[in-house]
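Accompanying notes for the structure given below.
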Amino acid sequence: MHGDDAFEAAAPYFELSEGEFLPGPLTRSPWSPDMLHGRLLAGLAARAVEQGHAGEVFQVARLTVDLFRSPPVAPVRVETSLVRDGRRVRTVNCVLWIGGREVVRAHALLLRRGEQPTGQVWTEPPWSAPGPEELPPPAPSDEPRGFGAPELRMVSPGGFTDHGQKRLWLRERRALVAGEPLSPVARIVMAADLANPLANWSDAGLQFINADLTVYLVRDAATEWIGLEVAGHLSDAGVAFGHCNLYDIGGPIGHCSVAAAANPVLLPP
């Protein structure tokens, strides 16, 4: 099976029951079997903001997700609140709870879509990467472990765990929430969390765990494939920053960045 057929057949990450998201077996983090994967919690935050506050008029322009507490593998409750509803700017807070404890807090900035101004502005050169269908799937031994099993197509040589600059295409194999199509912003945010392993992986393995994720978007993803290109990495004294450019098949859609702390649990190369 390929594409939508494979997506429909795969088990979802979460089941929604009585206002709580019940995690399935592939929601576990690569850092610990007792910990939910941060990218999926970021996806739940994006879903809540998108469903409750975006619509056709407002674009989710920025979403910052703070991952400040280790989230156990347990039901998740998501709450959003509208902070400001202006004519052109809307701001939203989102909190994720597990067992009565706040584990994630997200902040969204939404901007009203409108007519594009005329004029030319400098921008970086276009991403001259082959499309995902032109690239072979990775061998099972080259696929990253514990990232929820998305489907990857590596553009750059060396594979996912190479310590050079990485470029890849990614699409999800399963729904975030059972019975729902994966929404455009949630799709992007779930992919964007890979900025940490992509940008911060060294020749000794991944030694940083990200404590946040920020995504800037000029438009929603129009395709199921999301492209990531490492654009920057800095680290000193156990603190790291990683930055990636984001694409869909039609071209650039935004940027994502993570702040990460050194972690004694090493994910080997």
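One table, with the values for the structure above:
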{"quantity": "Karplus (6.51, -1.76, 1.60) ³J(HN,Hα), θ = phi - 60°, over region 119-125, in Hz, Gly and Pro reported as x", "calculated": "x, 10, 10, 4, 9, 5, x"}
{"quantity": "Where the Cα pairs of region 8-155 fall when distances are cut into 5 Å bins, in %", "calculated": "2, 8, 14, 14, 15, 15, 14, 10, 5, 2, 0"}
{"quantity": "Förster-model FRET efficiency, 30 Å R0, L82 and V121, C-beta, rounded to 0.05", "calculated": "0.40"}
{"quantity": "Once the Cα gyration tensor of region 69-186 is diagonalised, semi-axes √(5λ) in Å", "calculated": "32, 27, 14"}
{"quantity": "Kirkwood Rh in Å, taken over all unlike Cα pairs in the chain", "calculated": "18.9"}
{"quantity": "Extended-chain gain in nm, criterion 0.36 nm per residue less alpha-carbon gap, V57 and A237", "calculated": "60.4 nm"}
{"quantity": "Cβ crowding within 10 Å averaged over residues, with 100-106, 119-125 ranked highest first", "calculated": "100-106, 119-125"}
{"quantity": "Gaussian network model of the chain, Cα within-10 Å springs - most flexible of N196, N210, N93", "calculated": "N93"}
{"quantity": "Spin-label zone in region 11-42 - amide nitrogen under 14 Å from a point set 7 Å from the Cα of W97 along the C-beta vector", "calculated": "19-21"}
{"quantity": "Modelled label reach - A204, point 7 Å along Cα→Cβ, region 218-258 residues with backbone N closer than 16 Å", "calculated": "235-240"}
{"quantity": "Cut-off under 5 Å, modelled amide H: who pairs with D212 long-range", "calculated": "L67, A259"}
{"quantity": "Percentage relative contact order, the chain, counting C-alpha pairs under 8 Å, at least six apart", "calculated": "20"}
{"quantity": "Shape parameters for region 185-262, alpha-carbon atoms, Rg then Dmax in Å", "calculated": "12.5, 40"}
{"quantity": "Estimated 222 nm signal from helices in the chain, with DSSP H stretches of n ≥ 4 weighted -39500 (n - 2.57), rounded to 500", "calculated": "-3500 deg cm²/dmol"}
{"quantity": "Top of G164, G86, G227 by mean-square fluctuation, Gaussian network on the chain, Cα under 10 Å", "calculated": "G86"}
{"quantity": "Long-range HN-HN contacts of A61 with modeled amide H, under 5 Å", "calculated": "L109, L110, L111"}
{"quantity": "Rg and Dmax [Cα atoms of region 112-269; Å; Rg one decimal, Dmax integer]", "calculated": "15.9, 51"}
{"quantity": "Region 29-92 - convex hull of the alpha-carbon atoms, volume per residue in Å³", "calculated": "91"}
{"quantity": "Part-to-part distance (alpha-carbon centres) for region 196-237 and region 91-110, which is given in Å", "calculated": "21"}
{"quantity": "Residues with amide H under 5 Å from that of T223, placed H, sequence gap 5 or more", "calculated": "I249"}
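Taken together, the values in this text are just the output of simple stated rules run on the coordinates, not laboratory data. Here the structure is a predicted model, which is why all the values come from computation and not from measurement. All Cβ positions, glycine included, derive from the backbone under ideal geometry; neighbour counts span all protein chains shown.
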